[in-house]
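For reference, the structure discussed in these notes is given below.
The values are calculated or read from the model by the stated rules, or taken from the named source; none is laboratory data. Please read all numbers here as calculations on a predicted model, not as lab measurements. All Cβ positions, glycine included, derive from the backbone under ideal geometry; neighbour counts span all protein chains shown. Heavy atoms of the whole protein, side chains included, go into the accessibility calculation; ligands, DNA and RNA do not. Shrake-Rupley method; radii C 1.70, N 1.55, O 1.52, S 1.80 Å.
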Amino acid sequence: MALLLLTFLKLVDGQVLVLMGVTLLVAGIGFCDDHAHVPARWRLLVHLVTAALALILLGGFPLLLLPWPLDGMLQRWLIDLSWLGYMFGTLLLVWFLNLFNFMDGTDGIAASESLFLSMALAGYANYLDQSLFYICLSLSAASVGFLFWNWPKAKIFMGDAGSGFLGLWSGLLILMAAQQAAVLLYCGLILFGIFMVDASYTLCVRFMSGQKWYDAHCSHTYQRAAKRYGHLRVLLACWLINIGWLLPLSLWIFVHPSQALLGIAVAYLPLIYLAYRFRAGQADWVDS
């Protein structure tokens, strides 16, 4: 509804409505899975098709989004590999939407992450592109409205229909921001650090240890922390990490783009350590 109003007021391009329509495919397959199990292969197929269509509407994923200047020959070579950008961008968007599915397992965490990310990107977009600024604010408003009911103890839950949709749009907003300033790809990855590290670390541990990594489980860092300390404390800790650690680092990278890779490493290393301390992904963990 917000995007319809923004389009009517000519504050955003009408193409955004087409993009919204495409992304509803993810919400639709998630809704079906919430009510009657849908095999993983069909869900993945819908995710891939939706991400690819969304990327086409955005004009692709330029491989030139690097934190350092390139000489002319290398730039032309990367432009010739635009098909590789579409492949990488599609997989990145699919990973983003599944990150939200993986991490939507405790009260308020997914809505909080969506609110934090969209508000932070809105702050950057306000200086770069007003249309993107309004899109980010729209997602922020939807997230805060849902968070009111999802705050511990939660009264409603978003399910796969909501988490996949939010995850896809989080990825899209980061890519849209990166089209305005390449460094925002790295700022976005830093802002998304809690979800990126927890889900990726847990999945890698489960895969490397021979577990059925695709099965449902409760071995994420945030899940084990919630079991030990409670949902509210974990949620407040996530907000503290986001605002007190990841946001300042993203601002530093925005001002110093050449330090982008270093910034991601500095942002992620403490989160990796937390995952290690909570033995994320390991089947033999016992609460003490």
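General observations
- The residues of segment 35-52 that are part of a helix (DSSP H, G or I) and modelled with pLDDT under 85 amount to a single one, Ala40.
- Every residue from segment 153-192 that is part of a loop (DSSP other than H, G, I, E, B) and open to solvent by 30 Å² or more (accessible area, probe 1.4 Å): Lys153, Lys155, Ile156, Phe157, Ala182
- Index of the failed condition, Leu81 passing every other in (1) modelled with pLDDT of 90 or more; (2) over 15 Å from the mean Cα position of the chain (by Cα); (3) open to solvent by less than 60 Å² (accessible area, probe 1.4 Å): (1)
- Selected residue (criterion: farthest from Ile29 (Cα to Cα)) from residues of segment 96-123 that are open to solvent by 30 Å² or more (accessible area, probe 1.4 Å) and without any contact (Cβ under 8 Å) to a residue 60 or more places away in the chain: Gly123
- Of Arg233, Arg206, Arg228, all but one fail to be surrounded by fewer than 21 Cβ atoms within 10 Å (Cβ to Cβ) and closer than 23 Å to Pro248 by Cα; the exception is Arg233.
- Some residue of segment 129-138 being aromatic (Phe, Trp, Tyr), in contact (Cβ under 8 Å) with a residue 12 or more places away in the chain and part of a loop (DSSP other than H, G, I, E, B): no
- Residue match in segment 247-266 (condition: open to solvent by less than 90 Å² (accessible area, probe 1.4 Å), within 11 Å of Ile194 (Cβ to Cβ) and in contact (Cβ under 8 Å) with a residue 24 or more places away in the chain): no
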